[in-house]
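Some notes on the structure that comes next.
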Amino acid sequence: MLSARRRRSRIVAGGAVACALLAGAAWGTADEWPFAPFSQYSGSAQPSSTYSSFSVTAIDELGRRFSLPPRLMGLRSVELAEQVEAHRTALADLLSLLRNSYVRLHADRTPLRRLILKEHVVSLRGGRLAGERARAIAWWSDE
Amino acid sequence: MDEIVNIAGATRAWLFAAMPRGRIAVLRTAIYLFVVLDVVYMRAWVADHGTVPASLWHPLMFERVLYLPVPTPGFVTVVKVMLVVAALAAASGRWPRFAGTAVFLLYLEWQFIAFSYGKVDHDRFALLVALAVLPTAGLARWGDKERSQAAGWALRLIMIAVVAVYFMSVIAKIRYGGLDWVSSATAMRAVLRRGTMFSDPFRNLPWVFVFFQYVTFAFELGSPLMLARGRIGRTYALIALGFHTMNLFAIGIMFWPQVVCLGAFFRLERLHLPAGLAWLSPRARPAEVEPARLSRGVRAG
């Protein structure tokens with residue numbers, strides 16, 4: 001049997017976590033994790049709307065052009081999107097930082113000469129896919 | 001007044017209802033081995049964050065308050081190695097308090113490293129609660145039917161955390177998406193981004209995804225039923241497993257930590273280690289074993 005003191009301390013600790021969780025759900029932001037709102041897939045995408053995702057294309061010193069998955073630069077796709085939003089006014093600087101990250105992770109690979117950031121815009125109409133288009137929105141070059 | 005006292009007493013009895021130590025033992029093995037798998041294989045990308053330039057690091061509130069350091073390759077490697085060693089020690093069931101507490105703190109830091117570059121995932125909450133409470137449950141052995149209040153409280157907290165993840169998700173949907181969420185194109189958008197061979201054929205049938213959203217909303221809203229005693233609770237936990245499997249087929253995502261924690265709802269105490277591996281499971285010291293008659297007052301699980 002747990003003593004009354006041990007039961008009381010468990011109730012207090014559990015109650016404190018529950019209160020923090022409820023407060024986070026009602027008023028918090030992701031910044032307060034682990035007491036953040038559980039917001040994955042909680043947004044309401046309108047049936048007729050557009051949304052964006054991002055990709056990076058690389059050209060190495062041998063002139064080869066290839067798609068560079070965010071993972072090779074130490075980020076997840078969704079983190080790349082968040083970083084793009086956070087660096088909207090300095091996207092070339094962001095690409096330079098991502099290139100540094102790539103070099104640290106893959107020092108053995110052919111150096112990169114150029115990076116191109118692309119925005120892919122997907123359109124929905126009536127809840128159905130209506131179109132996709134991609135455009136380059138930033139460049140980084142070592143020249 | 002009497003009613004309030006009665007409700008408080010019933011809540012306390014429910015929270016501390018004795019449950020079998022054997023369930024703790026199995027859950028401990030599963031959860032700590034999952035941590036190893038998660039760190040080394042399933043989310044190995046977390047370690048790559050050590051190479052990302054510090055200017056892309058956006059520390060979360062608790063990292064700022066606790067002055068946690070910027071992840072570097074060396075720091076991330078140290079955390080990773082210590083975490084794996086501690087998790088393997090804890091999975092053995094020995095030193096549950098020391099090894100378990102170390103795993104909780106290191107895994108928390110591991111998640112801070114994971115979530116400080118622009119994206120926070122919410123599928124880790126129940127696992128973190130499990131890691132926080134498992135060290136309090138004392139020694140436990142596979143197949144041990146002996147019930148204890150310490151085991152009961154730990155299991156109850158894990159169950160509540162699992163339910164909270166579902167229920168708080170529906171709260172977030174109402175907060176961010178409003179009641180319109182159920183008829184929105186959120187699931188369609190997820191399928192367009194992460195569709196699978198099972199969900200892609202439905203891209204031209206938006207009503208299928210709207211129906212899926214109604215099901216999700218109803219499932220999450222009804223999730224407290226999982227805490228009901230006996231068959232109702234276990235059936236709802238099975239429905240939860242089905243829900244996660246459906247997500248896996250539709251968008252290729254499985255909320256593994258949540259699935260592992262769902263084990264708290266099932267009679268894992270019926271599982272035994274194969275005879276050759278029995279030595280792996282520690283024996284509870286006599287002083288820690290509660291006489292069955294003392295813990296028969298309230299039964300659960």
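Working only within segment B:100-113, note down all residues that are without any contact (Cβ under 8 Å) to a residue 60 or more places away in the chain and hydrophobic (A, V, I, L, M, F, W, C).
B:A102, B:F104, B:L105, B:L106, B:L108, B:F112
When the residues of segment B:124-156 are narrowed to those that are within 12 Å of the chain's Cα centre (by Cα) and facing chain A (nearest Cβ under 7 Å), which ends up surrounded by the most Cβ atoms within 10 Å (Cβ to Cβ)?
Looking at the filtered set, the residue picked out is B:F125.
Condition check ((1) of a type outside the set (D, E); (2) within 26 Å of the chain's Cα centre (by Cα); (3) crowded, with 19+ Cβ neighbours inside 10 Å) across all residues:
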| site | (1), (2), (3) |
| --- | --- |
| B:G178 | yes, no, no |
| B:W181 | yes, yes, yes |
| B:F198 | yes, no, no |
| B:Y214 | yes, yes, no |
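Given the conditions (1) at pLDDT below 95; (2) surrounded by 15 or more Cβ atoms within 10 Å (Cβ to Cβ), which single one is not true for A:D108?
With (1) at pLDDT below 95; (2) surrounded by 15 or more Cβ atoms within 10 Å (Cβ to Cβ) applied to A:D108, the lone miss is (2).
Of the numbered conditions (1) closer than 30 Å to A:R128 by Cα; (2) at pLDDT 95 or above, A:S77 fails exactly one; give the number of that condition.
(2)
Quick one: which of A:S55, A:S67, A:S77 is more than 19 Å from B:I113 (Cβ to Cβ) and touching a helix residue (DSSP H, G or I) at 6+ places or on another chain (Cβ under 9 Å)? Spell out the reasoning first.
Numbers: A:S67 fails: touching a helix residue (DSSP H, G or I) at 6+ places or on another chain (Cβ under 9 Å); A:S77 fails: more than 19 Å from B:I113 (Cβ to Cβ).
The match here is A:S55.
Answer with yes or no whether A:G14 is in a helix (DSSP H, G or I), facing chain B (nearest Cβ under 10 Å) and touching an Asp or Glu at 6+ places or on another chain (Cβ under 6 Å).
Details: in a helix (DSSP H, G or I): yes; facing chain B (nearest Cβ under 10 Å): yes; touching an Asp or Glu at 6+ places or on another chain (Cβ under 6 Å): no.
It is false that A:G14 is in a helix (DSSP H, G or I), facing chain B (nearest Cβ under 10 Å) and touching an Asp or Glu at 6+ places or on another chain (Cβ under 6 Å).
This table checks each residue for (1) buried (at least 16 other Cβ atoms within 10 Å of the Cβ); (2) under 30 Å from B:V210 (Cα atoms); (3) more than 8 Å from every other protein chain (Cβ to nearest Cβ).
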residue	(1), (2), (3)
A:R7	yes, no, no
A:G28	yes, yes, yes
A:E32	yes, no, no
A:M73	yes, no, no
A:R88	no, no, yes
A:V103	no, no, yes
A:L112	yes, no, yes
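Does B:I239 qualify as being more than 14 Å from chain A (Cβ to nearest Cβ), part of a helix (DSSP H, G or I), under 26 Å from B:L127 (Cα atoms) and of a type in the set (A, V, I, L, M)?
On the way: more than 14 Å from chain A (Cβ to nearest Cβ): yes; part of a helix (DSSP H, G or I): yes; under 26 Å from B:L127 (Cα atoms): yes; of a type in the set (A, V, I, L, M): yes.
Against the criterion (more than 14 Å from chain A (Cβ to nearest Cβ), part of a helix (DSSP H, G or I), under 26 Å from B:L127 (Cα atoms) and of a type in the set (A, V, I, L, M)), B:I239 qualifies.
Looking at segment B:157-189, which of the residues that are of a type in the set (V, I, T) and in contact (Cβ under 8 Å) with a residue 24 or more places away in the chain is nearest to the other protein chains (Cβ to nearest Cβ)? Show your work before the answer.
Here is the first cut: in segment B:157-189, the ones of a type in the set (V, I, T) are B:158, B:160, B:162-163, B:165, B:170-171, B:174, B:182, B:186.
If we keep only those that are in contact (Cβ under 8 Å) with a residue 24 or more places away in the chain too, we end up with B:158, B:160, B:162-163, B:165, B:170, B:182, B:186.
Numbers: B:I158: 11, B:I160: 8, B:V162: 12, B:V163: 12, B:V165: 6, B:V170: 9, B:V182: 9, B:T186: 5 Å.
If we take residues in segment B:157-189 being of a type in the set (V, I, T) and in contact (Cβ under 8 Å) with a residue 24 or more places away in the chain, then B:T186 is nearest to the other protein chains (Cβ to nearest Cβ).
Can you list residue pairs whose Cβ atoms sit under 9 Å apart, with the first residue in segment B:54-66 being within 9 Å of another protein chain (Cβ to nearest Cβ) and the second being exposed (fewer than 15 other Cβ atoms within 10 Å of the Cβ) and not in a helix (DSSP H, G or I)? Count only pairs 6 or more apart in sequence or on different chains.
B:M61/A:T29
Hey, B:P53 hits all of (1) within 27 Å of A:A81 (Cβ to Cβ); (2) out of contact with any Leu (no Cβ under 6 Å at 6 or more places or on another chain); (3) not hydroxyl-bearing (S, T, Y) but one; which does it fall short on?
All conditions pass for B:P53, except number (2).
So, of the residues in segment B:190-221 that are aromatic (F, W, Y) and not in a loop (DSSP other than H, G, I, E, B), which turns out to be farthest from B:V170 (Cα to Cα)?
Pass one, segment B:190-221, residues aromatic (F, W, Y): B:198, B:202, B:207, B:209, B:211-212, B:214, B:217, B:219.
If we keep only those that are not in a loop (DSSP other than H, G, I, E, B) too, we end up with B:202, B:207, B:209, B:211-212, B:214, B:217, B:219.
Numbers: B:F202: 25, B:W207: 20, B:F209: 17, B:F211: 16, B:F212: 14, B:Y214: 11, B:F217: 6, B:F219: 9 Å.
Filtering first and then ranking leaves B:F202.
What is the residue count in segment B:92-123 for residues that are surrounded by fewer than 21 Cβ atoms within 10 Å (Cβ to Cβ), modelled with pLDDT under 95 and away from every other protein chain (no Cβ under 14 Å)?
3
For segment A:114-140, enumerate the residues that are buried (at least 18 other Cβ atoms within 10 Å of the Cβ), within 12 Å of chain B (Cβ to nearest Cβ) and among the small types (G, A, S).
Of everything in segment A:114-140, just one residue is buried (at least 18 other Cβ atoms within 10 Å of the Cβ), within 12 Å of chain B (Cβ to nearest Cβ) and among the small types (G, A, S), namely A:G127.
The values are calculated or read from the model by the stated rules, or taken from the named source; none is laboratory data. The model shown is predicted, which means the values in this text are computed figures rather than measured ones. Positions of Cβ are backbone-derived with ideal geometry, glycine not excepted, and every protein chain shown enters the neighbour counts.
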